[in-house]
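The values are calculated or read from the model by the stated rules, or taken from the named source; none is laboratory data. As the structure is a computational prediction, the values presented were derived from the model and not from experiment. Here the Cβ is made from the backbone with ideal geometry for all residues, glycine too, and neighbour counts use every protein chain on show.
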Amino acid sequence: MNPTYRIVWLISRALFYTYFRGRYFYPGRVPLSGPVILAANHASVLDPPLIGAGFNRIVNYLARKSLMDIPVFGALLRRLSVVPVDRDGGGGAGLKAILDRLLNGGIILLFPEGTRTADGKLQSAKSGVGLTVIKSTAPVVPVRVRGTFEAFGREMKIPMPRRVTLVYGEPMDFKALREEAKTCSKPRLKEIYQQTADEIMAVIASLEVPVKRG
């Protein structure tokens, strides 16, 4: 980690454990090396830094390309390994930038729902995450975030000290669908993208905080 990323990582981790009384479950499921796609539900602007603070690797976050042009702030985003994408994240240049980071052995954080929830409930997955997964060879680690909507939902002005928990799931392998996508028809390819997205979202929804025994 460069010094800027390390400082932000430490601040995020400190806030998670103190102000939000948070707990991470199974962060060791994130591979220590090689390309990884993190796929998480999205409830708050708190999600990216808190997810990335759960383990000791640099995460390549996505941000609108226009933000990179803001003086000082744009330079900070570059130091934080941010990937510039179009507003909707679906542009060819943005996809290429994401795949390049993965080819270089990096971690990318994606939100299958596409945008933050407005009511705290999980939303349907968009096919865009499926396209990225199928175009890559990286394992997908699903992540379930709880509490960030109550702590700092999209209508809130100030973060509240609500309990936050993050559960990292087992890496998912889409080898079979990736192979099928190489030779299938265009209609089937679109189905594969959505199927992949739906499977990821279903696993995210199934991740539960472990229950203490005894």
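Taken together, the residues in segment 23-43 that are part of a loop (DSSP other than H, G, I, E, B), touching a Leu at 6+ places or on another chain (Cβ under 7 Å) and under 16 Å from Gly147 (Cβ atoms) amount to 1. Residues in segment 81-134 that are outside any helix (DSSP H, G or I), modelled with pLDDT of 90 or more and acidic (Asp, Glu): Glu113, Asp119.
The listed residues are Thr148, Thr183, Thr196, and the only one of them that is under 30 Å from Gly105 (Cβ atoms) and over 23 Å from the mean Cα position of the chain (by Cα) turns out to be Thr183.
Using the structure shown, decide if Glu150 is surrounded by 15 or more Cβ atoms within 10 Å (Cβ to Cβ), acidic (Asp, Glu) and farther than 23 Å from Thr132 by Cα. Here the answer is yes, as Glu150 does meet what is asked. Here segment 45-62 is the region considered, the condition is being of a type in the set (Val, Ile, Thr) and crowded, with 21+ Cβ neighbours inside 10 Å, and the residue that is nearest to Lys157 (Cα to Cα) is Ile51.
For segment 37-72, taking the residues that are hydroxyl-bearing (Ser, Thr, Tyr) and within 27 Å of Gly92 (Cβ to Cβ), the one that is modelled with the highest pLDDT is identified as Tyr61. The number of residues in segment 52-103 being more than 30 Å from Arg23 (Cβ to Cβ) and in contact (Cβ under 8 Å) with a residue 60 or more places away in the chain comes to 1.
Consider Val36 carefully, then state whether it is touching a Gly at 6+ places or on another chain (Cβ under 9 Å) and touching a residue at least 12 places away in the same chain (Cβ under 8 Å).
yes
Can Val145 be described as within 30 Å of Ala14 (Cβ to Cβ), outside any loop (DSSP other than H, G, I, E, B) and in contact with a Phe, Trp or Tyr (Cβ under 9 Å, 6 or more places away or on another chain)? When the stated conditions are applied, Val145 does not pass them.
Taking the criterion of being over 16 Å from Val30 (Cβ atoms), of a type in the set (D, E, K, R) and in a loop (DSSP other than H, G, I, E, B), the residues of segment 154-182 that qualify are Arg154, Glu155, Lys157, Arg162, Arg163, Lys182. Would segment 174-193 turn up any residue that is closer than 15 Å to Val143 by Cα, among the aliphatic types (A, V, I, L, M) and either surrounded by 12 or more Cβ atoms within 10 Å (Cβ to Cβ) or modelled with pLDDT of 95 or more (or both)? No: zero hits. The residue of segment 39-74 that is farthest from Leu103 (Cα to Cα), among those that are aliphatic (A, V, I, L, M) and in contact with a Gly (Cβ under 8 Å, 6 or more places away or on another chain), is Ala43.
It is to be established whether one or more residues within segment 108-115 are over 13 Å from the mean Cα position of the chain (by Cα), among the aliphatic types (A, V, I, L, M) and crowded, with 20+ Cβ neighbours inside 10 Å.
no
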